[in-house]
Amino acid sequence: MTKPRANVDIVVVEDALEAFALRGALEYWSVRVNVHWIGAASDLVRVLGGGGRFRRTSF
């Protein structure tokens, strides 16, 4: 496995199809991708505010 070129965060609010496609393309180019699944408004505020570590999901 090669060393990641960059780190990218993807915030998924509704439909996840575009997020899966984007994540796949970025990982193909050795970019480390962190996906944030938003279920409530408070989750979005927490991710955008950067307060504390939000749960990161990787497949």
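Quick rundown of the values:
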item	result
Two-site label geometry, Asp15 and Trp37: point separation in nm, points 7 Å out along Cα→Cβ	1.9 nm
Residues with amide H under 5 Å from that of Asn34, placed H, sequence gap 5 or more	Val8, Asp9, Ile10
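Taken together, the values in this text are just the output of simple stated rules run on the coordinates, not laboratory data. For clarity, every value in this text was computed on a predicted model and none was experimentally measured. Positions of Cβ are generated from backbone atoms using ideal geometry, with glycine treated the same way; all protein chains shown enter the neighbour counts.
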